[in-house]
1. When both residues are 6+ apart or on different chains and their Cβ atoms are under 9 Å apart, which pairs have a first residue that lies in the range 180-208 and is at positive phi, and a second that is assigned to a loop (DSSP other than H, G, I, E, B)?
2. Go through (1) crowded, with 16+ Cβ neighbours inside 10 Å; (2) touching a strand residue (DSSP E or B) at 6+ places or on another chain (Cβ under 8 Å) one by one and return the number of the condition N216 breaks.
3. Scanning for something crowded, with 19+ Cβ neighbours inside 10 Å, modelled with pLDDT of 95 or more, over 17 Å from the mean Cα position of the chain (by Cα) and of a type in the set (S, T, N, Q), does the range 75-94 turn up at least one residue?
4. Counting only residues that are more than 21 Å from the chain's Cα centre (by Cα) and closer than 22 Å to W111 by Cα, how many does the range 204-255 have?
5. Mind listing whichever residues of the range 95-145 are farther than 23 Å from F192 by Cα and either more than 15 Å from the chain's Cα centre (by Cα) or part of a loop (DSSP other than H, G, I, E, B) (or both)?
6. Starting from the range 222-243, take each residue that is touching a residue at least 40 places away in the same chain (Cβ under 8 Å) and closer than 18 Å to Q273 by Cα and list its partners that are acidic (D, E) and part of a strand (DSSP E or B), counting only C-beta distances under 9 angstrom and pairs at least six apart or across chains.
7. When the range 266-280 is examined, which residues are found to be at negative phi, surrounded by 15 or more Cβ atoms within 10 Å (Cβ to Cβ) and over 19 Å from the mean Cα position of the chain (by Cα)?
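The values are calculated or read from the model by the stated rules, or taken from the named source; none is laboratory data. All values derive from a computational prediction rather than experimental measurement. A quick note on method: Cβ atoms are made from the backbone with ideal geometry, for glycine too, and the neighbour counts reach across all protein chains shown.
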Amino acid sequence: MINFSDTYNAIANTRLHLWVDDFKNAVHKRMGDYTHGNITQWIELLKQLPDIEPDSIDITNKVSIGSREQLTDGEQQKLEQLLKQFHPWRKGPYHLFGQHIDTEWRSDWKWDRIKDHISPLDDRMVLDVGCGNGYHCWRMAAQNPRLVLGIDPSQLFLMQFAVMQKYLEQYPIHYLPVGLEYLPQNLDKQGFDTIFSMGVLYHRRSPIDHILHLKNLLKPGGELVLETLVIDGEDDQCLIPKDRYAQMNNVWFIPTTGMLKNWMKKCGLEDVQVANVSTTSTEEQRATDWMTFQSLEDYLDPQDRTLTIEGYPAPKRAFIIAQKPLRKNKK
């Protein structure tokens, strides 16, 4: 079983120390809820990673660890075979001792869209909700945060995170395999300085409850960075797919940016700004040798790429940035 004691100790050394037991209980409950996965097999694979100190690390411009010259050709082949057993790799890309893990998503493009719009993360406590395998957490680490905690319930993503953490232990980046619903409902004044929620809102049956929970985990004056699917249209419009959207069966609400801003203001957030809106391209999300399943190209109408295969507007995503008021309001 995985030991999360380092993460608990890191949390205990911050203003979140009063909630350490809550985080422990959340992990215990979530790990007990797992009904599938190959976590035992993956843990054994982690032990086979090369025990070598990287000769270089770059998390500012990309996530690159070590160089190809550190491994022999045979060791390179073994490493590639090992890493591909953690398939599918969805968020990245990563470069590990010369191995280019060409992930389904160009998550670096997403980071480039938002990095200059957010408040600097220096000495901040950060929560990344639905962090996937932690790619953006490592990019956040380049800004010298005090703590970054990524949460995502996926066992596989936890293992992919552990691959990189083996060589990046010096950074204050931690991961707990839980969803937002497992965290405390309110951290009051001891909350996070910055919370990221990227690619989560449209999977929630109640977007308002999701936004309120995020707000309640922020400290007063904290910043929420939220990315989600949006549609074009008037402020009071929202798409509710009848069944699937781009072959996803758990998409509930896709608002206009105006509607999304209204939701956030309704939840008591202020200074709500649209930082970026972009259409997802088949260059940004696609099948690769490291993610061989279907991807965006298969989910679009082959006759009209502006539509999904179900006839809805093709995926477009917006970044919204907002602040939690310094003083309590009635929301």
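1. Hits for this filter: G199/G130; G199/G132.
2. With (1) crowded, with 16+ Cβ neighbours inside 10 Å; (2) touching a strand residue (DSSP E or B) at 6+ places or on another chain (Cβ under 8 Å) applied to N216, the lone miss is (2).
3. There is no residue in the range 75-94 that is crowded, with 19+ Cβ neighbours inside 10 Å, modelled with pLDDT of 95 or more, over 17 Å from the mean Cα position of the chain (by Cα) and of a type in the set (S, T, N, Q).
4. Summing the residues that are more than 21 Å from the chain's Cα centre (by Cα) and closer than 22 Å to W111 by Cα in the range 204-255 gives 1.
5. Once the filter is applied, which keeps residues that are farther than 23 Å from F192 by Cα and either more than 15 Å from the chain's Cα centre (by Cα) or part of a loop (DSSP other than H, G, I, E, B) (or both), the range 95-145 yields H95, L96, F97, G98, Q99, H100, I101, D102, T103, E104.
6. Here the result reads G222/D193; E223/D193, each pair linking the range 222-243 to a residue that is acidic (D, E) and part of a strand (DSSP E or B).
7. The answer is C267, L269, V272, V274.
Results for (1) acidic (D, E); (2) free of Cβ contacts under 8 Å to residues at least 60 places away in the same chain, shown as yes or no for each residue.
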{"residue": "I2", "(1), (2)": "no, no"}
{"residue": "S5", "(1), (2)": "no, yes"}
{"residue": "K24", "(1), (2)": "no, yes"}
{"residue": "K29", "(1), (2)": "no, no"}
{"residue": "D55", "(1), (2)": "yes, yes"}
{"residue": "E69", "(1), (2)": "yes, yes"}
{"residue": "Q85", "(1), (2)": "no, yes"}
{"residue": "P93", "(1), (2)": "no, yes"}
